[in-house]
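Novice: After the structure tokens below, expect a handful of questions from me.
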């Protein structure tokens, strides 16, 4: 158990919960003092030793079941009545004396689902689950572990048992009941194996070093992520944003160190015969960028948009000003959501509460006209306009002139398209009509693409 607790502590650290060595020792001491017989007391003693903030408590509550709860499968298994079970155990003992013991067969027939996990753990140890990281591997590992139980021998032992019971004069209805219990509990075991594999996969994700996990997620298409990978991606965005913020802070610190202006120093000290008594320093001013983000939140693009909003607002202290808009066939400003809420909550509100029709058909032309009418006067020479969308306009008027006005007023337009270039200008896509008015047009399908775009604006 000590090893499991320390593994749990490492997982908490990987998720950003600060746990010192002293606190780890305190957790072991608390468990030793409180004991492990009462699950609630065990959980409370660990939490008291390891958790300091409400945010850390949420991470603790998420990870604790992955390390300390059983598979809880006893409620889904079939069990014989007590009289049938007593007679069955007697026959199994006699059979074991002749042919050897098959403990798993006894558990299957007795319906002791709570004891399946020890067999599953042993089988998983033989198969090995250290490489189990993605959800796509769950089915494969479930099959490997389940098939390792030598079902051919299990079926032979069960048929032999049926023959012995039939010869002993057991009624056919009891034999049929045992057949039903055997098949039902075999499927219950399969379900428990899958739950075990899913739990191990979730644990392995947290055991993967942060840098390795981020590197792998960076190249995954955002549109193909499942719910668990989306949660990992949100954490990866925070990691990348912190790294980029630190890089920018270091650059600003270096630029604040004034450099010697040799020519100006020599001119000022001509009266001293060129001896540089009075130094002239050259100061370079660093101007922060203003940003207006227009995010298409139709179903095909919403994933990219939500991560861009999270990325931008995690870095907002590195920008002079940020304003954000979402659109489908009309435009809605969501800047205030991020002033009132935490970033993740703000993103969720932006994708559901902007006062626009989220399930409408995209109309980029009308959106750009609307932007020019309402917000163009707020665009300045330091403002970049960042547009995220697939440019699929549903055969409406593209209104490219509106994008031209936006370009003329701003420092530049950067367009991120989640579709690959071969799909541009196919069907209802009008990308080629918008591209001439953009400073840059990029394919943006992964977190790496988002990072490169934001970095190019700030660094």
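The values are calculated or read from the model by the stated rules, or taken from the named source; none is laboratory data. As the structure is a prediction and not an experimental result, all values here were calculated from the model. Cβ coordinates were reconstructed from backbone atoms using ideal geometry, including for glycine residues, and neighbour counts include every protein chain displayed.
Novice: Out of (1) in contact with a helix residue (DSSP H, G or I) (Cβ under 9 Å, 6 or more places away or on another chain); (2) surrounded by fewer than 17 Cβ atoms within 10 Å (Cβ to Cβ); (3) farther than 25 Å from residue 419 by Cα; (4) in contact (Cβ under 8 Å) with a residue 24 or more places away in the chain, what's the single condition that is false for residue 396?
Specialist: It fails just one condition, (3).
Novice: Scan the range 348-359 and report the pairs whose first residue is assigned by TED's automatic domain parsing to the domain that holds residue 307 and on the phi > 0 side of the Ramachandran plot and whose second residue is surrounded by 16 or more Cβ atoms within 10 Å (Cβ to Cβ) and not in a helix (DSSP H, G or I), with Cβ atoms within less than 8 Å and a gap of 6+ or a chain change.
Specialist: 355/332
Novice: Give the residue, chosen from 190, 216, 194, that is at pLDDT below 75, outside the structural domain of residue 306 (by TED's automatic domain parsing), surrounded by 12 or more Cβ atoms within 10 Å (Cβ to Cβ) and part of a helix (DSSP H, G or I).
Specialist: 216
Novice: While we're looking at this one, here's another question. Name the residue, out of 358, 366, that is over 29 Å from the mean Cα position of the chain (by Cα) and surrounded by fewer than 22 Cβ atoms within 10 Å (Cβ to Cβ). Spell out how you get there, then give the answer.
Specialist: Numbers: 358 fails: over 29 Å from the mean Cα position of the chain (by Cα).
Every option except 366 fails the conditions.
Novice: Which residues, counting only those in the range 101-130, are farther than 16 Å from residue 80 by Cα, assigned to a loop (DSSP other than H, G, I, E, B) and in contact with a helix residue (DSSP H, G or I) (Cβ under 8 Å, 6 or more places away or on another chain)?
Specialist: Residues satisfying the conditions are 102, 129, 130.
Novice: Right, next: Confirm whether residue 371 is more than 21 Å from residue 241 (Cα to Cα) and part of a helix (DSSP H, G or I).
Specialist: Answer is yes for this residue.
Novice: Still on this model: Using the structure shown, decide if residue 42 is within 30 Å of residue 236 (Cβ to Cβ) and surrounded by 14 or more Cβ atoms within 10 Å (Cβ to Cβ). Before the answer, list the steps.
Specialist: Numbers: within 30 Å of residue 236 (Cβ to Cβ): no; surrounded by 14 or more Cβ atoms within 10 Å (Cβ to Cβ): yes.
Answer is no for this residue.
Novice: Just for strands (runs of 3 or more DSSP E) wholly inside the range 264-337: which have at least 2 residues that are in contact (Cβ under 8 Å) with a residue 24 or more places away in the chain and surrounded by fewer than 22 Cβ atoms within 10 Å (Cβ to Cβ)?
Specialist: 321-327, 331-333
Novice: Ok, one more. One residue is enough: does the range 145-161 have a residue meeting the conditions touching a residue at least 60 places away in the same chain (Cβ under 8 Å), crowded, with 18+ Cβ neighbours inside 10 Å and within 22 Å of the chain's Cα centre (by Cα)?
Specialist: no
Novice: Given the options 29, 24, 79, 11, name the one that is modelled with pLDDT of 80 or more and either touching a helix residue (DSSP H, G or I) at 6+ places or on another chain (Cβ under 6 Å) or assigned to a loop (DSSP other than H, G, I, E, B) (or both). Before you say what the answer is, go through the steps one by one.
Specialist: Details: 29 fails: either touching a helix residue (DSSP H, G or I) at 6+ places or on another chain (Cβ under 6 Å) or assigned to a loop (DSSP other than H, G, I, E, B) (or both); 79 fails: modelled with pLDDT of 80 or more; 11 fails: modelled with pLDDT of 80 or more.
From the options 29, 24, 79, 11, the qualifying one is 24.
Novice: Being in contact with a helix residue (DSSP H, G or I) (Cβ under 7 Å, 6 or more places away or on another chain), in contact (Cβ under 8 Å) with a residue 40 or more places away in the chain and surrounded by 17 or more Cβ atoms within 10 Å (Cβ to Cβ) narrows it down to one residue among 457, 447; which is it?
Specialist: 447
Novice: Just the residues that are in contact with a strand residue (DSSP E or B) (Cβ under 9 Å, 6 or more places away or on another chain) and either within 12 Å of residue 360 (Cβ to Cβ) or at pLDDT 90 or above (or both), please, taken from the range 326-349.
Specialist: Scanning the range 326-349 gives 326, 327, 328, 331, 332, 333, 334, 335.
Novice: Let me ask another. Going residue by residue through the range 403-412, is there one that turns out to be over 19 Å from residue 435 (Cβ atoms) and either at pLDDT below 95 or under 34 Å from the mean Cα position of the chain (by Cα) (or both)?
Specialist: The answer is no, given that none of the residues of the range 403-412 is over 19 Å from residue 435 (Cβ atoms) and either at pLDDT below 95 or under 34 Å from the mean Cα position of the chain (by Cα) (or both).
Novice: Only residues that are crowded, with 22+ Cβ neighbours inside 10 Å and either part of a strand (DSSP E or B) or touching a helix residue (DSSP H, G or I) at 6+ places or on another chain (Cβ under 6 Å) (or both): list them for the range 415-443, please.
Specialist: 415, 416, 417, 418, 434, listed by residue number.
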